[in-house]
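What follows draws every value from the coordinates through simple rules; no lab data is involved. What you see is a predicted model; the values in this text were computed from it and never measured. Ideal geometry is used to build each Cβ from the backbone, glycine not excepted, and the neighbour counts take in all protein chains shown.
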Amino acid sequence: MDQDQKRIVEAMLFAAAEPLSPKALYDRLGEEADVGAILKSLQQDYDGRGVNLIEMDGVWAFRTASDLAGALGLQKQEVRKLSRAALETLAIVAYHQPVTRAEIENIRGVAIHKGTLDTLVEAGWVKPGRRRETLGRPLTWITTTAFLDHFGLESMMDLPGLDELKASGLLDRRPAIDALPDSPDLFQDQEEDETEIANDDDFENSFAEEEEKAAS
C-alpha cells in the first residue's frame, strides 16, 4: 500500500465538508490506487480512538466516537421572551384553571393563536387537563409543577392576589377583557365604589342648592 496515497486520503477525509465516495478518491488518486484497502486500513488505525472513520451508505467520513457523545454534548439554556399574548394566556390559565380555550378567548376578548398554547406547553408551564363534561367535551388547560418551580411558588395559593396585582399596576381596565360566565368581574367592586361616590356627590350638591334657596 502506498503510504503517500494513504496520507492523501486521510487528509481529504479530514478536509471534506461532506462524506466522500470512493469515486471522489479515485478521481484524485487515479484508477491504479487501491482505495478500498486504504479506507479499511485507515478505519483500523482510528478504531478505538476519539475519532472514527465510518462508512455511511457507501460514503466515508470521520466522526467522533459514539461513546463520547455524552462527554461532548453541551447544554445551553435558551432564553425565550414570551409574547404579550402568551403572558396573558399563562396568567389566565394560572388563575382560572382548569380553563378551556374558549374561556381563555372569552377573557382575553380575542382569539388565541394556536402557537400561543404550543409555546407554553413547550416551555413546560402548561399542560392539557381533563375534558369538561359539557357539550363537545372541550379540553381544559392547567399549569405544571415546572411553572411553580420557575416562578418560585410552593403552590397555586402563593400566586399574588387581586389587590396585590392592582397595587402593582399589573391590572388595567381594558374593555376587551370580560369575566368568565358566572364569575365576578375583576373590577366590579371598584365600579360599585365609584357609583356610590358619584351618588354621594349628587346628594351633597342637591342639599347645598336647597339651602341656598331657603336662605334667599
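Structure notes:
- In segment 3-67 the Cα-Cα distances spread across 10 Å bins starting at 0 as 22, 60, 17, 1 percent of all pairs.
- Positive contributions from Lys and Arg (+1) and negative ones from Asp and Glu (-1), summed over other residues with Cβ under 15 Å from the Cβ of residue 127, come out at 0.
- With both labels modelled 7 Å from their Cα along Cα-to-Cβ, the residue 97 to residue 12 distance reads 5.9 nm.
- The distance linking segment 106-138 with segment 19-34 is 58 Å (Cα centroid to Cα centroid, whole angstrom).
- Label-to-label distance, residue 65 versus residue 49, with points set 7 angstrom from Cα along the beta-carbon direction: 1.1 nm.
- Phi angles across segment 100-108 convert, under the Karplus curve 6.51 cos²θ - 1.76 cosθ + 1.60 with θ = phi - 60°, into 3J(HN,Hα) values of 8, 4, 5, 5, 4, 5, 5, 6, 6 Hz, Gly and Pro given as x.
- Note on residue 153 and residue 40: their simple-model spin labels are 6.6 nm apart, each label 7 Å out from Cα toward Cβ.
- Karplus-derived 3J(HN,Hα), 6.51/-1.76/1.60, for each residue of segment 83-90, Hz, glycine and proline x: 6, 4, 4, 5, 5, 5, 4, 4
- Net charge of the neighbourhood of residue 146, taken over other residues with C-beta under 12 Å away and scored Lys/Arg +1, Asp/Glu -1, is -1.
- The phi torsions of segment 117-130, fed into the Karplus equation with coefficients 6.51, -1.76 and 1.60 and a -60° offset, translate into couplings of 5, 4, 5, 5, 5, 5, 6, x, 9, 10, 9, x, x, 7 Hz, rounded to whole numbers, with Gly and Pro shown as x.
- Amide H partners (placed H, <5 Å) of residue 99, local residues excluded: 141
- Summarising the amide proton neighbourhood of residue 65: residues at separation of 5 or more, or on other chains, whose placed amide H is nearer than 5 Å comprise 51, 52.
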